[in-house]
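Report on the following structure.
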Amino acid sequence: MDARLAAIFGAHGIDAPTFDVLATLARQGPPYRVTPAELAANSMITTSAVAQRLNRLDSLGLVTREPNPDDGRGKFVRLTRSGRELIDKVLPDHICTEEDILKPLSQAERSALAQLLTRITQPD
């Protein structure tokens, strides 16, 4: 599964961590921004790993950092127009690949899988 998704991401010139950040920002809806701490929590990675990813994505023009008016020391990470355009191109291919991966499963099996994955990923 990872290899198939990596191929889709690679075809668009990105990797899975890049997709994760861009998709997380896109899910926020306008203005497509979160704090780095929220991004770390949503991505289940450390804040230092987020900082490294953001440095790279910022240098590519896919995200930008903005001051947080409610926190003088804090920042928001915002998806740029280029970042939105890229995720809009990648997402349909990603969804199609996921659908293809799940094709062998019946609807009941998909529901059971979703319930089981939720059980193991949700804190008690």
Worksheet item: So who's got an amide H within less than 5 Å of the one on Asn68, skipping anything under 5 residues away but keeping other chains? H placed 1.01 Å off N, in plane.
Response: Gly74, Lys75, Phe76
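How big is the equivalent ellipsoid of the chain along its three axes, where each semi-axis is √(5λ) from the Cα gyration tensor, reported in whole Å from largest to smallest? Spell out each step's value before the answer.
Working: eigenvalues 161, 69, 30 Å².
Square roots of five times the eigenvalues give 28, 19, 12 Å.
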Worksheet item: Which of Gly72, Gly29, Gly83 moves the most in a Gaussian network model of the chain with Cα springs under 10 Å?
Response: Gly72
Worksheet item: Label points 7 Å out from Cα along the Cβ direction at Arg73 and Ala112: separation in nm?
Response: 5.1
Worksheet entry | Separation between Cα centres of segment 73-124 and segment 43-64, rounded to whole Å | 19
Worksheet item: So what are the ³J(HN,Hα) numbers for segment 90-99, from phi and the Karplus equation (6.51, -1.76, 1.60; θ = phi - 60°), rounded to whole Hz, Gly and Pro as x?
Response: 6, 4, x, 5, 4, 5, 4, 5, 4, 4
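Where a number appears in this text, it was derived from the coordinates with a stated rule and is not lab data. Predicted model, so just to flag it, every value in this text is computed and none were measured. All Cβ positions, even for glycine, are placed from backbone atoms using ideal geometry, and neighbour counts span all protein chains on display.
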